[in-house]
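Asker: The structure is given below, and queries will be raised subsequently.
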Amino acid sequence: MSTLQQLLREIDAKQKRINKQRPLEQTKIKNLKDYFKVGLTYASNALEGSSLTEIETKVVLEDGIAVGGKSLKDHLDAIGHGRAFDWMWELAKGVAISEEDVKKMHVLCFQPSEGEQAGEYRHVNVVITGSQHNDRLPSHEEVPALMNAWAVGLPEKRKNRHPVQYAAQLHQEFIVIHPFADGNGRVARLLLNHALISQGYPPVIISPVFKHEYIQALEQSHTKPENFTAYIAEQALQAQRDYIRLLRIE
């Protein structure tokens, strides 16, 4: 049995324990949403260089208070990601995701800080710093057709793959296309979590402490996509463990 197959078996076993506790009370669902919103917003923005701590992110999102000594950009990024998380959470009441949903997610993340670029596919070719696979990135002229094909193909992939495999593949393929000039990582992690939450799995929050491992897994995915799938499966399993502890599930 491969490492990935073993991880998926463990995930399936834990998911059965989680599903036995459902349906949850509405108050508990709201509390979980608020908890994950702060955690994912903090972690996803920190992976991209934000200096806000998790507590500071909570203050910005829940209390609307500016944090002294922190940049306007960090504040706007937190507020924008919080809006995009709310949209993603509502969208996750169904499993489908469309190309327009992706564009709206990007708009919510980055307006007004990115102005007219928000929700628009890139008009320039890009280079990812530190990557050995920039030759694999499509030109900006190719992006619209690739994104259309990516979105059209999602239902078939969702039907034929384990939910965690599907979520990892969705994230990985989106990053390879790199459709936006900026913000691809944050949108990719929101899409990853839409795929998981919509099928009953706890959200995956990739800690900035493990940024190197995450970036390395993404880099390897250009030639060995199964490595990234295994990495996401490990993260999903840890998310389940945290969820079980959080809700004190026996």
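Asker: Is there a residue being surrounded by 15 or more Cβ atoms within 10 Å (Cβ to Cβ), of a type in the set (Ser, Thr, Tyr), touching a residue at least 12 places away in the same chain (Cβ under 8 Å) and not in a loop (DSSP other than H, G, I, E, B) anywhere in the stretch 199-206?
Answerer: The answer is no, given that none of the residues of the stretch 199-206 is surrounded by 15 or more Cβ atoms within 10 Å (Cβ to Cβ), of a type in the set (Ser, Thr, Tyr), touching a residue at least 12 places away in the same chain (Cβ under 8 Å) and not in a loop (DSSP other than H, G, I, E, B).
Asker: In the stretch 152-161, which residues are touching a residue at least 12 places away in the same chain (Cβ under 8 Å) and either basic (Lys, Arg) or surrounded by 18 or more Cβ atoms within 10 Å (Cβ to Cβ) (or both)?
Answerer: Once the filter is applied, which keeps residues that are touching a residue at least 12 places away in the same chain (Cβ under 8 Å) and either basic (Lys, Arg) or surrounded by 18 or more Cβ atoms within 10 Å (Cβ to Cβ) (or both), the stretch 152-161 yields Leu154, Lys157, Arg158.
Asker: Every residue in the stretch 207-239 that is among the polar types (S, T, N, Q) and either at pLDDT below 95 or not in a loop (DSSP other than H, G, I, E, B) (or both), please.
Answerer: Residues satisfying the conditions are Gln216, Gln220, Ser221, Thr223, Asn227, Thr229, Gln235, Gln238.
Asker: Continuing with the same structure: What number of residues within the stretch 81-140 are assigned to a helix (DSSP H, G or I), surrounded by fewer than 17 Cβ atoms within 10 Å (Cβ to Cβ) and either at pLDDT below 95 or among the aliphatic types (A, V, I, L, M) (or both)?
Answerer: So the count comes out to 5.
Asker: Shifting gears a bit: Checking Val59 against (1) surrounded by fewer than 21 Cβ atoms within 10 Å (Cβ to Cβ); (2) part of a loop (DSSP other than H, G, I, E, B), only one condition comes out false. Which one?
Answerer: (2)
Asker: Here's something else I'd like to know. For Gly49, only one of the following conditions fails: (1) under 21 Å from the mean Cα position of the chain (by Cα); (2) surrounded by 13 or more Cβ atoms within 10 Å (Cβ to Cβ). What is its number?
Answerer: With (1) under 21 Å from the mean Cα position of the chain (by Cα); (2) surrounded by 13 or more Cβ atoms within 10 Å (Cβ to Cβ) applied to Gly49, the lone miss is (2).
The values are calculated or read from the model by the stated rules, or taken from the named source; none is laboratory data. Just so it is clear, the structure is predicted and the values come from calculations on it, not from any experiment. Note that each Cβ is placed from the backbone with ideal geometry, even for glycine, and that neighbours are counted across all protein chains shown.
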